[in-house]
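One structure below.
Only the coordinates and a few stated rules stand behind these numbers; no lab work does. Note that this is a predicted model, so its numbers are computed, not measured. Methodologically, a virtual Cβ is constructed for each residue, glycine included, from the backbone with ideal geometry; neighbour enumeration extends over all protein chains shown.
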Amino acid sequence: MNTMIKSLGIEGVRNLVENAHIPSFRTMQLLSWMYDKGVSSYSDMTNLPKSMREQLGDAYPLTYPEVLVKQESSDGTAKYLVELFDGATTEMVALPSHDRLTVCASSQSGC
C-alpha cells in the first residue's frame with residue numbers, strides 16, 4: 001500500500017519534495033493546498049506542474065475519510081459510520097448540549 005501524504009506531516013513532506021528533486025518552494029505550495037485549501041485531489045493543485053501532481057498521486061494518495069452512514073435522533077445526537085483510506089470503518093458520535101457539542105471518535109476500527 002502507498003503512503004498517505006498527510007501521514008508524513010510537514011517535515012516529511014519537506015523531505016519528500018527534497019528527495020524527489022522538486023524545487024523546495026513547491027513544499028509550501030503543496031502544504032497550502034492540503035491544509036489551507038483542503039483539496040482532496042492533486043488535480044485541483046493548479047499551480048503545481050502536472051508531472052509533479054501525477055508523480056505524487058501515484059506514490060502518495062491524497063484521500064479523506066468518507067461518511068458512509070449518518071443517523072440522527074430527535075435530540076440532535078448524530079452517529080456516523082466513517083470509512084478510512086484503507087477501507088476500514090470507525091464510528092463517531094456527536095452529542096449536542098445547550099452550550100457545546102461533544103464528539104466521541106473511535107480511534108480504532110472495530111471498537
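Some observations on this one:
- Between MET92 and GLN71, residue separation times 0.36 nm minus the direct Cα-Cα distance comes to 6.5 nm.
- The chain, relative contact order [Cα under 8 Å, separation at least 6], %: 16 percent
- Charge dipole (the chain, unit charges on Cβ, about Cα centre) - positive-most of HIS21, SER107, GLY87: HIS21
- Once the Cβ-Cβ distance of GLU83 and ASN47 is raised to the sixth power relative to R0 = 30 Å, the FRET efficiency obtained is 0.50.
- Convex hull volume of the C-alpha atoms in region 5-59, normalised per residue: 76 Å³.
- One Cα centroid belongs to region 41-69, the other to region 5-23; the line between them spans 14 Å.
- ³J(HN,Hα) computed for each position of region 40-57 - Karplus, 6.51 cos²θ - 1.76 cosθ + 1.60, integer Hz, glycine/proline x: 10, 8, 4, 5, 7, 7, 5, 8, 9, x, 4, 4, 5, 4, 5, 4, 5, x
- Each Cα pair under 8 Å and six or more residues apart adds its sequence gap; the mean of these over the residue count of region 5-59 is a relative contact order of 23 percent.
- The chain: equivalent-ellipsoid semi-axes (sqrt of 5 x gyration tensor eigenvalues, Cα, Å): 34, 15, 12
- Compared with the direct C-alpha span, the chain from ASN19 to SER40 gains 5.2 nm at full extension, assuming 0.36 nm per residue.
- Between GLN55, GLN71, GLN29, the GNM of the chain built on Cα springs shorter than 10 angstrom shows GLN71 fluctuating the most.
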